[in-house]
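Notes to accompany the following structure.
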Amino acid sequence: MIEHSLSLCYHNKLILAPMVRVGTLPMRLLALDYGADIVYCEELIDLKMLQCKRVVNEVLSTVDFVAPDDRVVFRTCEREQSKVVFQMGTSDADRALAVAKLVEEWELLCYQTLTRLRRDTQRERQRHRQREKQAPCGEPDAGLDPRTPGSRPEPKTDAPSQSHPSAPPSHLFKILSTLVKGIRRPVTCKIRILPSLEDTLSLVKRIERTGIAAVTVHGRKREERPQHPVSCEAIKAIAETLSIPVIANGGSHDHIQKYLDIEDFRQATAASSVMVARAAMWNPSIFLKEGLRPLEEVMQKYIRYAVQYENHYTNTKYCLCQMLREQLESPQGRLLHAAQSSQEICEAFGLGAFYEETTLELNARRAELLARTPEAAREPVEDTSGVIKMAVKFDRRAYSPQITPKMCLLEWCRKEKLAQPVYDTVQRPLDRLFCSVVTVAEQKYQSTLWDKSKKLAEQAAAIVCLRSRGLPEGRLGEENPSWHKRKREAPDQDPGGPGAQEQAVPGELCKKLFVALGSGEESPLEGW
């Protein structure tokens, strides 16, 4: 085994498992607060990471990796510096190494990187399936952490990050060996057991010889789901065979309902440590020695982290729905379903005042930083003379569900036979906020308030134009006959039919998704 200059001990540890859409910064911090020793982030694809730019977010005191579309792909902070595991999806050893070295260069360093094998093309998937038929082997969760063939069942989704077809051992071993030799961080690997215990033991022995620091074993076969019993015997056989630490995984359904069950599962598998997925997703205080905390308390603490670190409200909402589970149809669950912003989520849980206070604090911090920034960095570089300005923001709750200011402005331009509005949006480097200028009939309009997204900034600019001209902007209570006429004349749609409302209100689709995930239907998290 290769020794690493910066190693993370895998003996007697409680670990938060990598989970799609769950392993973001607020959940990782919450798990650490409740006693987790190591936390894994969700899978991040190598190609996406290589496109990101590293940004030091002085407002949030975080390090962000931001995609070309301005989405924060990964966010970390000093609190988790020596405990977070970076999980990477990859199918190429060179790309994996490039991202791994990028991780090592961060100011806030992750102690370990985890990678997962991923196929890039349909032809490649077919080729590997054919090879697997000829020589069955296992599917790494490549740890840096790769996944052995069969480490997770195929989820029913087309999302690239969830596609984990089997890979030949040579592919797995090349990625593992390249990472072990190329970086100073420890590399681990996560596998599922194979149909044959003999084949499983043969596979893990070869994996160990690559020099990895530890191996995580999910005690189910590739085709098995959480309702199938986890094989403690198979994990135990692996633990007794290898000289490196073995991390037991897969006990949430059968064994782990409270803190003491984690140690029982570890002893039953003879593992060095235990990785917990769904039990921790349902209530992260599973790691607390004193026992589970009330769910209401846990959820409020999670929401506070989500607001403090500006987690996107859809991700916050998803995680809260996973915690609520059977309570999704409760009054609080219904409020959560209806929430369309972080503020509305806070209000649903009695944290409205906290949201307002935190928002004011973050805005004050931004203003302080901007005061120390040259004027050129604070405002658009264009000459803004002659621009009509107002201090307005777009609040979705104040408008009819089917109408936005941009729609109203476009409709008015069409009615007046004017060219359609042209939006020119810029992003401020310091805090990545947006400001938009809309041009209508050769006149420019702009809100002086900066927004979190390009879409919100454009809506605000549209509001300035509409208010300046005394035009309806779609606010609740406003009457505009042209909109009613437009809805009646919409082709191929029955205004009274059930499908019309769903198409007209995209937010309802999001609500139905959360209800389905919370009602026991299959989700991308199954199999961890």
So MET323 clears everything in (1) open to solvent by 30 Å² or more (accessible area, probe 1.4 Å); (2) in a helix (DSSP H, G or I) except one condition, right? Which one? (1)
Residue among GLU310, GLU329, GLU411 that is at pLDDT 90 or above and at positive phi: GLU310
The condition of being of a type in the set (Gly, Ala, Ser), modelled with pLDDT of 95 or more and open to solvent by less than 30 Å² (accessible area, probe 1.4 Å) holds, among ALA500, ALA461, only for ALA461
For region 174-191, the count of residues that are over 25 Å from VAL20 (Cβ atoms) and at pLDDT 90 or above equals 6
Lone unmet requirement of (1) open to solvent by less than 50 Å² (accessible area, probe 1.4 Å); (2) under 18 Å from the mean Cα position of the chain (by Cα) for PRO68: (1)
Counting residues that are in contact with a Gly (Cβ under 9 Å, 6 or more places away or on another chain), which strands (runs of 3 or more DSSP E) fully inside region 21-72 reach at least 1? 38-40
Kindly indicate whether any position in region 301-315 is farther than 27 Å from VAL63 by Cβ, out of contact with any Asp or Glu (no Cβ under 8 Å at 6 or more places or on another chain) and not in a loop (DSSP other than H, G, I, E, B). no
From the list GLU297, GLU310, GLU344, which one is within 30 Å of GLY250 (Cβ to Cβ) and open to solvent by 20 Å² or more (accessible area, probe 1.4 Å)? GLU297
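The values are calculated or read from the model by the stated rules, or taken from the named source; none is laboratory data. It should be emphasised that the depicted structure is a prediction, and the values quoted were computed from it without experimental measurement. When we count neighbours, we look across all protein chains shown, and the Cβ atoms used for this are built from the backbone with ideal geometry, even at glycine. When the accessible area is computed, the model is the full protein with side chains, heavy atoms only, and any ligands, DNA or RNA have been set aside. Shrake-Rupley method; radii C 1.70, N 1.55, O 1.52, S 1.80 Å.
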